[in-house]
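One structure is given here, and the rest of the page talks about it.
The values are calculated or read from the model by the stated rules, or taken from the named source; none is laboratory data. Just so we're clear, the structure is a prediction, and the values are computed from it rather than from any experiment. For neighbour counting, all protein chains shown are included, and Cβ atoms are generated from backbone atoms with ideal geometry for every residue, glycine included. Heads up: the accessible areas ignore ligands, DNA and RNA and are worked out on the full protein's heavy atoms, side chains in. Shrake-Rupley method; radii C 1.70, N 1.55, O 1.52, S 1.80 Å.
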Amino acid sequence: MIRDQEMMTAFLDTVSSFVREDLIPSEEAVSEADAIPEPIVKKMRDIGLFGLTVPEEFGGLGLTMEEESLVMIELCKASPVFRSLIGTTVGIGSQGILMDGTDEQKADWLPRLATGEVIASFALTEPGSGSDAASIRTSAVRDGDDYVINGTKRFITNAPHAGVFTLMARTNPEDKGAGGISAFIVDAKTPGISLGKNDKKMGQRGAHTCDVIFEDCRVPASNIIGLKEGRGFKTAMKVLDKGRIHIGAVCVGVAERMLDDALNYAIERKQFGQRIADFQLVQAMLADSKAEIYAAKCMVLDAARRRDNGEDISTEAACCKMYASEMCGRVADRAVQIFGGAGYMAEYGIERLYRDVRLFRIYEGTTQIQQIVIARNMVRAATA
Ligand code: COS
């Protein structure tokens, strides 16, 4: 749903100029330094990128899912590292509070998230619990008016920058599955929290992940999202459902960028006395990429509109994440192929994007997890 087409077009133009004038020119430096320069972060705040999904009453832009998807497609024509910095605050780090938090919890945190003053992180994954999210072992034991939290969270995006964590921990040790898990809002300054070293990753240099270690960390009971124990897994799943459409849009944006780069290169580059863009085997790679990006974009926008209409989009979101991330991997591979030897060289930039996008098929639920979600939902619906 697009609430005001004129405003949306103006906002997309702003993002597009930011991408062209600030982000793309600084991509390589960001990768080299493994950090996004402060002036760019400030501009992200000024444009309102941290507050895209926070409702207007809390100081954000309150974008619908369709609007958010269009912004992500535009933003991700620059290195996905920039999106990563806002991604957890716009998405998985804040949405639990927004979806299931009490009015007080929302009023407490959302205004600060909207301005980018505070960055939110989503702490679900653990050393022993990745795809099997219901098996987490981080414990939260009630003690008076507090819970005492112990455990380690792994690969937590933006943890080094986070002011707040949406943390999933087991409040009921008797229940080893989903029902024993609660979601907490944890101020990152709480004593008992420490961070591991920044992870060395295949790509996405400039985006940071690390372990978050909780040792006898006391969190007030009033910080349980929605003030109800045992609902954390469902909160996490709802958050991930939305996040999977968001990531689908991210994949479309980066794929469009890579295809643009490959097309421009194919037009410039001459071999056998002619532009390689005129060779049919190169054209096949361009055409397949174009069609697949178009398909993914249609899927993402359709799922987004359905979510905006209040439909249950668990299946569609998983389809988007699966198809768009796999599509993005194929487009990256073809783009490197079109660049040929230059595609393997760091100075052309396409090899960096090739490494960056490999993550899309893994995080926020692997392709195999999306297949499980889709097929299970199909079987459930057919046998209901
Ligand atoms: N929305 C709301 N509730 C949901 C839900 C959703 N999308 N998906 C599951 N639930 C509920 C179920 O209805 C069930 O509730 P009841 O016990 O009341 O029936 C409960 O949650 C447990 O669901 P289920 O039995 O399906 O859980 P499983 O342990 O089988 O796990 C998968 C389900 C595999 C889908 C889940 O663990 C998953 O998504 N894993 C990937 C995690 C991930 O994406 N990690 C990335 C890192 S975080 S960025």
Stretched fully, the stretch from Arg137 through Asn172 gains (0.36 nm per residue minus C-alpha distance, one decimal, in nm) 11.5 nm
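Could you work out the helix-only [θ] at 222 nm for the chain, with each DSSP H run of four or more residues adding -39,500 (n - 2.57) and the total divided by the number of residues, to the nearest 500 deg cm²/dmol?
Computed ellipticity for the chain at 222 nm equals -17000 deg cm²/dmol.
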Mind checking which of Gly60, Gly232, Gly196 has the largest fluctuation in a GNM of the chain, springs on alpha carbons under 10 Å? Gly196
Angle in degrees between helix 80-90 and the longest Cα principal axis of the chain, rounded to the nearest 10: 30 degrees
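So if we plug the beta-carbon distance of Asp278 and Asp333 into 1/(1 + (r/R0)^6) with R0 = 35 Å, what FRET efficiency do we get, rounded to 0.05?
Numbers: r = 22 Å, r/R0 = 0.62.
Efficiency, from the Cβ-Cβ distance: 0.95.
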Can you pull out the trypsin sites (Lys or Arg not before Pro) in the stretch 176-229 whose DSSP state is coil and whose Cβ has at most 16 other Cβ atoms within 10 Å? Lys176, Lys189, Lys197, Lys200, Lys201, Lys228
Considering only protein heavy atoms, what per residue accessible area in square angstrom results for the stretch 1-150 with a 1.4 angstrom probe? 40 Å²
How big is the Cα convex hull of the stretch 102-171 in projection, averaged over all directions, in nm²? 5.6 nm²
Share of antiparallel DSSP beta bridges in the chain, in percent to the nearest 5? 85 percent
Suppose each label sits 7 Å from its Cα in the direction of the beta carbon; what would the Lys228-Lys197 distance come out to in nanometres? 4.4 nm
Report, as a whole number in µm² per second, the diffusion coefficient that Stokes-Einstein gives for the chain at 20 °C and 1.002 mPa s using the Kirkwood radius over alpha carbon pairs. 100 µm²/s
Roughly how many nanometres apart are two label points built 7 Å out from the Cα toward the Cβ at Ala291 and Met99? 3.5 nm
The chain - Cys residues lacking any other Cys C-beta under 4.7 Å: Cys76, Cys210, Cys217, Cys298, Cys319, Cys320
Starting from the Cα-Cα distance between Arg376 and Lys43, subtract it from 0.36 nm times their residue separation and give me the gain in nm to one decimal. 115.6 nm
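Determine the relative contact order of the stretch 91-156: mean sequence separation of Cα pairs under 8 Å and six or more apart, normalised by residue count, in whole percent.
On the way: 61 pairs, mean separation 17.7, N = 66.
Taking the mean separation of contacting Cα pairs over the length of the stretch 91-156, I get 27 percent.
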Any idea what angle helix 5-18 forms with the longest principal axis of the chain, computed on alpha-carbon atoms, 0 to 90 degrees, nearest 10? 70 degrees
With a 1.4 Å probe and every protein chain left in place, work out the accessible area per residue of the stretch 312-384 in Å², rounded to a whole number. 49 Å²
Backbone N under 18 Å from the Asp216 label point (7 Å along Cα→Cβ), restricted to the stretch 144-185: 144-152
Would you give the gap between the C-alpha center of the stretch 209-250 and the C-alpha center of the stretch 308-330, rounded to a whole Å? 21 Å
Around Leu52: net Lys/Arg minus Asp/Glu count, Cβ-Cβ under 10 Å: -2
With a 1.4 angstrom probe the carbon and sulfur portion of accessible area for the chain, in percent, totals 53 percent
